[in-house]
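Each remark here refers to the structure printed beneath this line.
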């Protein structure tokens, strides 16, 4: 056993002891803190825009973390499958909060203005498409839905997560209107993770071989687990 294998096994052993349920609350702490800062005017010169940006960025970051679970397992042997549902649902919750902040604080629930933006502003349209793609994934992210749909159909449905991630990255790029380091970095990461999905199936890493040896098929879903 190599030093890396030993380290990975110890890490996976430690991860097995981490309870998943409390992490749902922990993952929402950054969003609650951003909201608190916005209320107190300490988040930036434009609190509304800063809050919207923070919530949207958290959604993108958690979506990236969700998509990274499979490559980490297959290439490095780090098994985060237990946490994928939590990561994906948290991405969805932050996307909903991002939309809610925009509707409540930016548009003050002025429905005519909201509808106008949803039909005339491309970056908002793309962002809404990303959220709509996430809805069926979040709705079917539970074990009962997997049994009802069947594993094959469930996996096919959850491939929408890759399209949602691409739409989120495009929404971010379009929103900031600048090809600077941060949005380009997120876009590159998303494209790399989506591209990994289309690598030949035979090119598996240590983690995938270990799972196969144990007779444990890995699901390829995104928001589910």
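The values are calculated or read from the model by the stated rules, or taken from the named source; none is laboratory data. Keep in mind the model is a prediction, meaning the values are calculated, not measured. Glycine gets a Cβ as well: all are built from the backbone with ideal geometry, and neighbour counts include every protein chain shown.
Can you find a residue in segment 112-119 that is surrounded by 15 or more Cβ atoms within 10 Å (Cβ to Cβ), free of Cβ contacts under 8 Å to residues at least 60 places away in the same chain and within 24 Å of the chain's Cα centre (by Cα)?
The answer is no, given that none of the residues of segment 112-119 is surrounded by 15 or more Cβ atoms within 10 Å (Cβ to Cβ), free of Cβ contacts under 8 Å to residues at least 60 places away in the same chain and within 24 Å of the chain's Cα centre (by Cα).
Six or more apart or on different chains, Cβ under 7 Å: which pairs go from a residue in segment 134-149 that's farther than 19 Å from residue 91 by Cα to one that's not in a helix (DSSP H, G or I)? Could you list them?
Hits for this filter: 146/224; 149/140.
Would you mind finding the one in 174, 179 that is within 25 Å of residue 118 (Cα to Cα), in a helix (DSSP H, G or I) and over 16 Å from the mean Cα position of the chain (by Cα)?
It is 174.
Being modelled with pLDDT of 95 or more, more than 29 Å from residue 195 (Cα to Cα) and surrounded by 15 or more Cβ atoms within 10 Å (Cβ to Cβ) is the requirement here; does residue 95 meet it?
Considered against the rule, which asks whether it is modelled with pLDDT of 95 or more, more than 29 Å from residue 195 (Cα to Cα) and surrounded by 15 or more Cβ atoms within 10 Å (Cβ to Cβ), residue 95 comes out as no.
Have a look at 59, 104, 65 and point out the one that is at pLDDT 95 or above and either out of contact with any helix residue (DSSP H, G or I) (no Cβ under 9 Å at 6 or more places or on another chain) or surrounded by fewer than 16 Cβ atoms within 10 Å (Cβ to Cβ) (or both).
Answer to the check: 104.
Please determine whether any residue of segment 159-166 is over 19 Å from the mean Cα position of the chain (by Cα), closer than 21 Å to residue 24 by Cβ and assigned to a helix (DSSP H, G or I).
No, that holds for no residue.
Considering only residues of segment 160-205 that are surrounded by fewer than 16 Cβ atoms within 10 Å (Cβ to Cβ) and touching a residue at least 12 places away in the same chain (Cβ under 8 Å), which is nearest to residue 61 (Cα to Cα)?
191
Exactly one of (1) under 27 Å from residue 191 (Cβ atoms); (2) within 17 Å of the chain's Cα centre (by Cα); (3) free of Cβ contacts under 8 Å to residues at least 60 places away in the same chain is unmet by residue 85. Its number?
Here residue 85 meets the rest and fails (3).
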